[in-house]
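Chemist: Here's a structure for you.
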Amino acid sequence: MAALVGFVIFTSGCTAWREGVQQDVVLKSEPAAANVYINGVEVGQAPLIATMRTKNIYVVEFKKDGFRDLEALVSPIQNLPFVRTGLYTDTGRYNKLKPNPLDGELIADLVPTTASVDPYADLSARMRQLDKMLEEDKIGQAEHKVMSQQLIDAYNPDKK
């Protein structure tokens, strides 16, 4: 029995030694309900809390229909106190994962990446397309609001 307890303590300690201790990271998206992937594995829909290890770097992706995919890094930053011990340093206890919270602001596919010849006609056409998506239930009110504001901002010379 003692050997089993020792093995459990040893193996759980090895993970902390190698990858750091666990930390919760809040992952949010605007608009909400984007699919969240951590290092290529789908973990749910934003907003959510992901438990990560403080010695690893994570690639977080937000994906939502009608929006461009967004990729961000969550990585360890050392937060060293005046007095520190080797064991805490070795297990990543002085590390904090940043950014936390991670706010993923998704950009609508309809937002142009280049200027058009006739911006007013282009904006009008894109807004009609957006309204049609809402009418056909391809997007909800929250997505429509975010996309509309992004389109208006894209064509507003004072916002650039």
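Chemist: Filter segment 21-39 down to residues that are under 25 Å from R93 (Cα atoms) and aliphatic (A, V, I, L, M) and give me whichever is modelled with the lowest pLDDT.
Modeler: Taking the candidates together, the pick is V21.
Chemist: Shifting gears a bit: Which of the residues belonging to segment 35-62 are of a type in the set (D, E, K, R) and assigned to a loop (DSSP other than H, G, I, E, B)? Reasoning before the result, please.
Modeler: Step one: list which residues in segment 35-62 are of a type in the set (D, E, K, R), which gives 42, 53, 55, 61.
Residue satisfying the conditions is K55 alone.
Chemist: Where the second residue is among the hydroxyl-bearing types (S, T, Y) and the first is surrounded by 15 or more Cβ atoms within 10 Å (Cβ to Cβ) and lies in segment 26-38, which pairs have Cβ atoms under 8 Å and are six or more apart or on separate chains?
Modeler: The qualifying pairs are V36/S29; I38/Y58.
Chemist: When only residues in segment 56-91 that are farther than 30 Å from P112 by Cα and buried (at least 19 other Cβ atoms within 10 Å of the Cβ) count, which is modelled with the highest pLDDT?
Modeler: P76
Chemist: I'd like to check something: does segment 118-140 contain any residue that is more than 30 Å from Q78 (Cβ to Cβ) and polar (S, T, N, Q)?
Modeler: yes
Chemist: Of everything in segment 103-124, what is part of a loop (DSSP other than H, G, I, E, B) and either under 20 Å from E143 (Cα atoms) or of a type in the set (S, T, N, Q) (or both)? Give them in sequence order.
Modeler: If the condition is that a residue be part of a loop (DSSP other than H, G, I, E, B) and either under 20 Å from E143 (Cα atoms) or of a type in the set (S, T, N, Q) (or both), then L106, I107, D109, L110, V111, P112, T113, T114, S116 are the ones that fit.
Chemist: Moving to a separate point now. Pairs needed: first member in segment 45-58, under 10 Å from L97 (Cβ atoms); second member anywhere, among the hydroxyl-bearing types (S, T, Y) and outside any strand (DSSP E or B); C-beta distance under 7 Å; at least 6 residues apart or different chains.
Modeler: As it stands, the answer is none, since no pair meets every condition given.
Chemist: Find the residue count for segment 92-120, including only residues that are closer than 25 Å to E30 by Cα and at pLDDT 90 or above.
Modeler: 17
The values are calculated or read from the model by the stated rules, or taken from the named source; none is laboratory data. What you see is a predicted model; the values in this text were computed from it and never measured. Glycine also receives a Cβ, built like all others from the backbone with ideal geometry; neighbour counts cover every protein chain displayed.
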